[in-house]
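Heads up: the structure comes next, in structure tokens.
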Amino acid sequence: MGKTSKDKRDIYYRQAKEEGYRARSAFKLLQIDQIFHILDGVNRVVDLCAAPGSWSQVLSKRLYENSPNKDDVKIVAVDLQAMAPLPGVKQLQGDITKLSTAEEIIAYFDDKKAQLVVCDGAPDVTGLHDIDEYIQSQLLLAALSITTHILMDGGKFVAKIFRGKDTSFLYSQLRVFFKKVSIAKPASSRNSSIEAFVVCEDYSPPCGYVPQMIDPMVNDVQVSAEQTDSPVNRSIVPFVVCGDLRNFDSDMSYSLKSEDGKEYEYKEVVQKPISPAYKEILEKTKNLSLKHQNYLIKEEASAFQENE
């Protein structure tokens, strides 16, 4: 498979490199903002599960361009993995299930709370939709948990979800904390993917609610509903397609030839992972491969000597 094969297959992957973004996911946030205007008038933003940093890049570019006073702009990118630096972005290598992480964010905002929290985090998918949906829902729960600590009243929350049979239930739970909740599908998100995004507006926690930090991997989280004689009131979940539908289709392959006839020039990725989780496995595989090669060389040498 040549270097240009992925460029040809995915137009947004190619455009991300051409426009200097670290990942194609930058266009998802841009397209969500086109419809919901989540970046209008905000200057304190938190990007959860931020690595490799494409959403932080969008936040940095848009907020510093639009703010009349750039000194008021504060962006925090949180992730367990180390991330290459970004101008105007405070990086916090920490766990979103820890209260100390929330306290560090508030301290950076000078004891103020965020106006917007975004989360594009997702687990390594298995391909088994039920398992992937469950793990993603637990990640969303952790993101929502820290958001209740760091988001101001009236603030907004955007996070990735995997659509499934429990989407309506998820919607009803988020409506407890936000006055308006929508499900968004950016045009840059492949139609074949179950990925979507919840766009939650006007944060209004229940009266007397005390924020709590939940770690889904440790805590036994159970959600119960009061049983009443009245039927359950069902709501229609707003589903919004984001992005101009006349533009590129994320599931199609496009020619590398430009309209003006210029030759295609391959571009390297903007920022390679500085500490990828798979680095150790690659090193072990490489070492095993070298040992195997040495073994074959010795076997061939022995066979040659026997033939001599």
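The values are calculated or read from the model by the stated rules, or taken from the named source; none is laboratory data. All values derive from a computational prediction rather than experimental measurement. Positions of Cβ are generated from backbone atoms using ideal geometry, with glycine treated the same way; all protein chains shown enter the neighbour counts.
Tally the residues that are within 15 Å of Thr167 (Cβ to Cβ) and either over 14 Å from the mean Cα position of the chain (by Cα) or not polar (S, T, N, Q) (or both), restricting the search to the stretch 122-137.
Looking only at that region, the number is 5.
May I ask you to verify whether Leu29 is in contact with a helix residue (DSSP H, G or I) (Cβ under 6 Å, 6 or more places away or on another chain) and part of a helix (DSSP H, G or I)?
Criteria met by Leu29.
Kindly indicate whether any position in the stretch 34-53 is part of a helix (DSSP H, G or I), of a type outside the set (S, T, N, Q), under 19 Å from the mean Cα position of the chain (by Cα) and closer than 20 Å to Asp251 by Cβ.
no
This table checks each residue for (1) closer than 23 Å to Leu141 by Cβ; (2) buried (at least 19 other Cβ atoms within 10 Å of the Cβ); (3) without any contact (Cβ under 8 Å) to a residue 12 or more places away in the chain.
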| residue | (1), (2), (3) |
| --- | --- |
| Trp55 | yes, yes, no |
| Ala84 | no, no, no |
| Val89 | no, yes, no |
| Asp110 | no, no, yes |
| Pro123 | yes, no, no |
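With (1) within 17 Å of Met213 (Cα to Cα); (2) within 19 Å of the chain's Cα centre (by Cα); (3) assigned to a helix (DSSP H, G or I) as the list, and Asp95 as the residue in question, which single condition is left unmet?
With (1) within 17 Å of Met213 (Cα to Cα); (2) within 19 Å of the chain's Cα centre (by Cα); (3) assigned to a helix (DSSP H, G or I) applied to Asp95, the lone miss is (3).
Considering each residue of the stretch 1-26, count those that are among the hydrophobic types (A, V, I, L, M, F, W, C) and not in a helix (DSSP H, G or I), and give that number.
2
Asp71 is checked against (1) farther than 20 Å from Ala184 by Cα; (2) modelled with pLDDT of 90 or more; (3) outside any loop (DSSP other than H, G, I, E, B) and fails just one. What number does that condition carry?
(2)
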